[in-house]
Amino acid sequence: MNSPSDHIPSAPAPDSLSASASSLRAVISYISARDERVNPLSVINRAEPDEPVFVLRARDMVATAAIEWWLWCARNRGVPDDKLARAELQRRAADLWIEKRLPTQSGQETGKAVVRSARQERDEPDSVLNHAHPDEPVFVIVASDAVAVEVVEFWAFMAQRHGAPDSKVQAAMEVAKAMARWSHKRVVGTGSRPQRAAPGAAAPEVQRPVHRTHMRLVCLECGHSEKVGEPPFDAELLASVREATDGACPACGAAPSVDPVSGLSRRVLTTEMVAPDSAP
Ligand SMILES: [Zn+2]
């Protein structure tokens with residue numbers, strides 16, 4: 001751990017996080033930041049030097065949800081069970097990590113590249129990976145992972161909803177775009193890593209989906225649709241939406257009815273989520 005080849009800036013003394021980490025290790029065999037740094041077969045060490053990467057660390061409050069989303073996307077793409085089980089261990093370990101913070105913008109981060117390559121994460125002393133506690137569970141997402149873009153965009157979406165600074169959210173979206181331009185995609189755990197294409201090939205400009213953040217009220221009878229809300233969705237707004245969907249359509253007047261057989265009420269109004277600019 002103190003070898004000259006080690007890029008860890010300064011190994012911290014045993015602390016409360018280390019103590020808590022040993023009890024966590026006793027329950028879950030997870031991959032820590034130190035494991036990612038030193039194991040030659042780790043995700044970061046097997047990535048191509050210039051491959052864009054996104055390192056989720058357990059301290060990040062949004063990390064657990066992002067790993068959960070990775071699991072969901074990966075399962076749908078046919079990632080093998082052993083890889084899913086591996087990720088689930090990381091999710092649980094991250095969930096149980098005791099230090100939690102919102103991603104914040106610290107002064108020292110301004111002016112640095114927002115998109116980090118595997119080489120930068122490995123070598124730069126203040127990279128996310130090298131800045132993490134050595135025992136901290138981490139989840140490294142590399143651009144060649146077929147679900148990387150979806151997961152980083154989800155992270156950005158969740159971070160924004162939790163009130164992270166806009167610069168952090170925008171930085172993550174830049175990472176997602178760089179990952180989308182990375183043309184060598186593979187489903188984790190299936191087959192070997194593909195060879196790089198010939199250098200010099202033009203990077204295609206990529207359009208990324210816009211998240212559906214705005215809610216509209218829709219009438220099932222006449223199709224009438226009107227805006228009811230946009231983020232942040234506070235309790236008051238959600239209560240008024242619930243109340244509205246129990247009522248009659250403001251356009252056609254169709255009202256909820258009760259099924260005489262089942263006794264269940266049938267609404268005429270429902271809600272749908274749309275992208276911010278898809279409807280006035
Ligand atoms: Zn109607």
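The table below gives the values:
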{"item": "Unique match (being open to solvent by 50 Å² or more (accessible area, probe 1.4 Å) and either modelled with pLDDT of 80 or more or within 16 Å of the ligand (Cβ to nearest atom) (or both)) among Val228, Val218, Val268, Val261", "result": "Val261"}
{"item": "One residue from Val274, Val206, Val210 being within 28 Å of Glu150 (Cα to Cα), open to solvent by 80 Å² or more (accessible area, probe 1.4 Å), away from the ligand (no atom under 14 Å from the Cβ) and at pLDDT below 90", "result": "Val210"}
{"item": "Failed criterion for Arg242 (all others in (1) within 16 Å of the ligand (Cβ to nearest atom); (2) open to solvent by 70 Å² or more (accessible area, probe 1.4 Å) hold)", "result": "(1)"}
{"item": "Residue selected from segment 247-258 under the condition exposed (fewer than 12 other Cβ atoms within 10 Å of the Cβ) and within 16 Å of the ligand (Cβ to nearest atom), by the criterion nearest to Glu272 (Cα to Cα)", "result": "Gly253"}
{"item": "Filtered residues of segment 128-141 (kept if within 20 Å of Met179 (Cα to Cα) and surrounded by fewer than 22 Cβ atoms within 10 Å (Cβ to Cβ))", "result": "Val128"}
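The values are calculated or read from the model by the stated rules, or taken from the named source; none is laboratory data. On a predicted model such as this, the values are computed, not experimentally measured, just so you know. Positions of Cβ are backbone-derived with ideal geometry, glycine not excepted, and every protein chain shown enters the neighbour counts. Remember, those area values only see protein heavy atoms, side chains included, never the ligands or the DNA or RNA. Shrake-Rupley method; radii C 1.70, N 1.55, O 1.52, S 1.80 Å.
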